[in-house]
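Here the structure comes first, spelled out in structure tokens, and everything after it is commentary.
Each value in this text was obtained by applying a stated rule to the coordinates, not by laboratory testing. Note that the structure is predicted; figures quoted are calculated from it, not measured. Cβ coordinates were reconstructed from backbone atoms using ideal geometry, including for glycine residues, and neighbour counts include every protein chain displayed.
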Amino acid sequence: MLSYKQEQLNKKQFFKKHDFRKSRKLIFALLFVLLQVFAGFSQSEQKIAGLQKELSLYIANNDSTDIAKTYYSLGKIAFNSERNYESEIYLKKALKFSNKSEQRMKIYSKLGTVNWRKGKFDDAMVYYRKSLKFSEKIGDKKYQATALNNIGFIYAEYDNIDKTLEYYKNALEIRKEINYKKGVAWSYNSIGRVYNELDSLNKALIFFNKALIIFREINFYEGESNTLNNVGNVYMKKKKYKLAIKHHLEALNIRKNRNLLYLTAESYKNLTKIYIQISEYKNAEDAVKKGISISKNIKSKKLLKNFYYQLFELNKSKNNYRKALENHLIYSEYKDSLFTVESENKISELEIQYQTEKKEQKIKLLNTKNKLNSEIISGQKSKLLFLIVGSSILLIVFTIVLLIYFQRNKAYKMLVKQNIEITNLEKTQKHKISKHEISNEQQIINNLLTIIEENKYFLNTSCTIDELAKKIDTNRQYLSTIINNKFNSNFSSFINTYRVKEARRLLLDKEYNKYTIDAIANLSGFNNRATFNTAFKKITGISPSFFKKEQNLIS
């Protein structure tokens with residue numbers, strides 16, 4: 001029989017060996033990634049060397065067109081190798097020498113995507129707008145649709161669903177018109193992502209399946225992997241985790257085989273999220289480490305922001321709150337560097353400028369037609385009268401819009417006060433249960449309110465009506481009928497009402513003043529910011545950000 005000391009020594013040796021094996025697996029995985037990077041790097045370096053020789057000849061001959069073309073090619077190679085900063089330098093040099101509209105259109109488009117990858121969304125929007133302007137000028141429908149779709153991407157980053165969907169659908173119409181199959185598939189993919197964000201999951205799957213059919217038909221693997229990734233996200237929302245993992249692993253395999261580093265990191269990000277949800281923390285840790293390694297290598301703030309948020313979720317799930325807090329602070333720093341008020345204002349200004357320019361073009365066209373029909377147009381007096389009437393109408397419209405704005409703003413402020421009063425009343429009120437003999441239905445209602453109000457079941461982000469029915473010892477159909485009849489609501493709205501009340505309470509609590517809207521949404525039981533914003537505005541009449549700002553001014 002072994003002594004106590006000998007047993008402890010054997011245990012230490014076993015765990016040391018076990019930990020070494022785990023470390024060895026991780027080291028091999030990292031080496032694999034580095035070898036892929038090195039292989040791609042050496043191939044691209046050979047191409048760059050050849051292009052730089054050509055460039056020196058073009059510079060000697062002062063051939064600006066070929067100089068711009070060569071710099072653009074160098075920028076594309078650096079871009080495909082995930083060397084975004086180097087790519088931007090080459091592309092800006094290409095822009096400097098380019099004097100052709102078609103060439104400048106392509107350079108602006110690529111510069112936009114480089115800046116999107118770097119998380120500089122306002123700069124990306126500037127370049128995409130310029131690319132759109134040149135594509136419209138020369139009548140290039142293909143690049144026009146690409147620019148519109150890319151602008152939709154930027155609005156998606158700022159959760160502006162209406163604008164996102166508008167630009168995606170405009171791009172799809174053009175691509176169908178010119179029978180551009182790859183572009184049509186990308187549009188289906190993009191629209192599917194919007195419906196996924198809106199939780200219209202079956203509608204999202206319809207668009208993704210349309211995209212997948214086309215991508216496989218034309219053997220476009222990057223598009224196929226992107227769509228598989230999106231299908232995996234839908235199944236994750238549906239809580240069909242085996243199907244979700246299957247699709248994400250298929251996407252990951254395609255991306256790794258083709259050395260698509262940014263997309264490979266994105267696959268690890270999505271797999272991490274699933275593993276956290278199904279409590280496979282070891283797999284989650286492995287995926288997030290690989291993802292962070294790639295993200296740092298390609299210097300993507302956008303990806304790093306997402307991975308540190310997942311580390312926050314992972315450590316929170318493991319009850320390691322100290323590390324969770326550290327991760328959330330890093331996540332917030334990356335988020336703040338990506339999304340600023342100035343960036344949002346800049347994008348709004350660009351949208352106004354774009355719409356204004358379109359109107360100006362229409363006005364110029366109308367003026368040209370008017371000149372051709374000058375004999376029909378009346379004299380200077382009628383023109384003057386037209387201007388006076390038009391100015392008067394504009395002044396009246398402007399005054400009405402201004403009045404509506406002030407009235408609406410006043411109404412919103414009244415809603416803030418009313419919501420504060422409601423929250424204060426809710427603090428003093430408690431659900432009263434009758435002491436007299438109660439019916440079976442009333443008993444279920446009492447049990448329901450106890451679990452919801454006292455045990456705060458609504459804070460569970462994955463709560464379902466089936467699980468709730470089991471907790472109060474009834475069936476799903478009967479509970480749904482009671483909620484509909486007694487509370488005039490479906491289950492989702494019933495739960496969201498309590499979550500909004502909790503969010504409203506937290507927003508009024510000084511202890512949570514420094515918390516972001518995302519954090520408040522998470523603490524109230526919501527899965528994402530978009531769902532939280534929609535539910536909060538539906539129940540209170542105002543957005544959470546407006547409520548937070550105004551209640552601080554009132555208090």
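Any idea how far the Cα center of region 71-142 sits from the one of region 311-337, in Å?
Using only Cα atoms to place each centre, the spacing works out to 35 Å.
Order the peptides 150-163, 220-233, 449-462 from the highest to the lowest mean number of other Cβ atoms within 10 Å of their residues.
With the highest mean Cβ count within 10 Å placed first, the list reads 220-233, 150-163, 449-462.
Roughly what would the spin-label model give for R476 and S543, points 7 Å off Cα along C-beta, in nm?
Inter-label distance under the simple model: 3.6 nm.
Any idea how far apart R258 and D159 come out in nm if each label point goes 7 Å out from Cα toward Cβ?
3.2 nm
Students often get this wrong, so check it: of K53/K133; K210/K335; K240/K269; K110/K133, which have C-alpha atoms separated by over 23 Å?
K53/K133; K210/K335
Quick check for you: which residues of region 108-126 have the amide N under 15 Å from the point 7 Å beyond the Cα of K96 toward its beta carbon?
Within reach of a label on K96: no residues.
Can you tell me the length gained on complete extension of the stretch E222 to K323, counting 0.36 nm per residue apart and subtracting the Cα distance?
Additional length available on full extension: 32.8 nm.
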